[in-house]
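The values are calculated or read from the model by the stated rules, or taken from the named source; none is laboratory data. Here the structure is a predicted model, which means the values were calculated and not measured. Here Cβ is always computed from backbone atoms with ideal geometry, including for glycine, and neighbour counts include all displayed protein chains. The area values use the complete protein model at the heavy-atom level, side chains included, leaving out ligands, DNA and RNA. Shrake-Rupley method; radii C 1.70, N 1.55, O 1.52, S 1.80 Å.
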Amino acid sequence: MESDATAWSDVVSDALVAADFAFSRPERFRGRVTRRRLGPTSLIAMVAHPHVAVRDAEHIAPDAPPETLLSVQLEGRAEFRQDGRTATVEPGDLVFYDSARPVEIVAREGYRSLCFRFPTTGRRRSDELTATRLRGTEGLAPAVAGLLTGLQSARAAPAGLAATAQQAVELARTLFDDELARRGLLVADDPHDALRTAFDEHVEAHLADPDLTPRAAAAALFVSPRHLHAVLAEDGRTPAGTIRTRRLERCLADLADPGEASTPVSAIARRWGFTNATRFGQLVRDRTGHTPTAYRRAMLA
């Protein structure tokens, strides 16, 4: 979607994150955003004249699920400021930032980027690596950038694209941990933390599978259902509740997405593993106070 300065805030907030924007020459500003949804992830391509985006605490909903954003600089230059650091990135470089904390982004002349947005899981020390320049020629950075740019232009069946997107998530997380290790910042995981992280990542990878259950997840992680339940209880949650919540979040996001307006509610429920329409409707009412159809109508209005 192409935009001028007056509409840029709404366009970017819808596709990426909410923020306030400033322009050196508002009358000349032009920008274009293209978003590609890939299951629980999305790729956002941006081309824009110089501008500044400031995301403060007021833009961050307290109940919004945290997401990690990995930006690949394609052209021009930009600065990212978060957690007391500033990263200046040039073509080929990558940078992480966190949607759940304030961030400032300065886009310079000739700015073009590709941003990969995916759920934050486990207890990765994201504040150790945000706003840190990852050179596009070092470590796993070239592989990650190549996969994301290829995924942006790929033409394939939705299931194939979603599977590739999940591979991109795993590779991005591996890049994150690899960079922490290269900087001497990666500490040994507590076994319970490691299990929670593994469980969360398994759930994200298999949400669409109606056979995803606490017992199946425990078997995949080589632990007993009782042990998995006890470890998650330390976080105040249960395996079944986590699976149900993640599925419901994906469904609500699709119901509120104008691009999914023609998709039947029942198809969205099945897409994320809900096989019982009555139960799905009750969960949506408990969360939103509306039936799924009424919620969609209210959000799209």
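A few remarks follow.
- Test result for Val72, open to solvent by 10 Å² or more (accessible area, probe 1.4 Å), over 11 Å from the mean Cα position of the chain (by Cα) and aliphatic (A, V, I, L, M): no
- Among the residues of the stretch 173-184, the one identified as farther than 20 Å from Phe199 by Cα, open to solvent by less than 30 Å² (accessible area, probe 1.4 Å) and hydrophobic (A, V, I, L, M, F, W, C) is Leu180.
- Condition check for Ala100: in a loop (DSSP other than H, G, I, E, B), surrounded by fewer than 21 Cβ atoms within 10 Å (Cβ to Cβ) and either among the hydrophobic types (A, V, I, L, M, F, W, C) or touching a Pro at 6+ places or on another chain (Cβ under 7 Å) (or both): yes
- Scanning the stretch 283-295 for residues that are open to solvent by 30 Å² or more (accessible area, probe 1.4 Å) and part of a helix (DSSP H, G or I) turns up Arg285, Asp286, Arg287, Thr288, Thr293, Tyr295.
- Within the stretch 14-35, considering residues that are at pLDDT below 90 and open to solvent by 40 Å² or more (accessible area, probe 1.4 Å), the one nearest to His51 (Cα to Cα): Ser24
- Residue, modelled with the highest pLDDT, within the stretch 185-228, restricted to residues that are open to solvent by 40 Å² or more (accessible area, probe 1.4 Å) and among the hydroxyl-bearing types (Ser, Thr, Tyr): Thr213
- Leu148 being touching a residue at least 24 places away in the same chain (Cβ under 8 Å), open to solvent by less than 20 Å² (accessible area, probe 1.4 Å), farther than 24 Å from Glu67 by Cβ and of a type outside the set (S, T, N, Q): no
- Identity of the residue in the stretch 153-172, over 15 Å from the mean Cα position of the chain (by Cα) and more than 19 Å from Trp272 (Cβ to Cβ), that ends up surrounded by the most Cβ atoms within 10 Å (Cβ to Cβ): Ala154
- Scope the stretch 91-120; condition of a type in the set (D, E, K, R) and closer than 16 Å to Thr149 by Cα; matching residues: Asp93, Arg112, Arg117
- Residue check, Ala48 open to solvent by less than 10 Å² (accessible area, probe 1.4 Å) and not charged (D, E, K, R): yes
- Looking across the stretch 82-102, the residues that are touching a residue at least 40 places away in the same chain (Cβ under 8 Å) and among the charged types (D, E, K, R) come down to Asp83, Arg85, Asp93, Arg101.
- Filtering Leu171, Leu161 for residues that are at pLDDT below 85, over 16 Å from Ala45 (Cα atoms) and part of a helix (DSSP H, G or I) leaves a single hit, Leu161.
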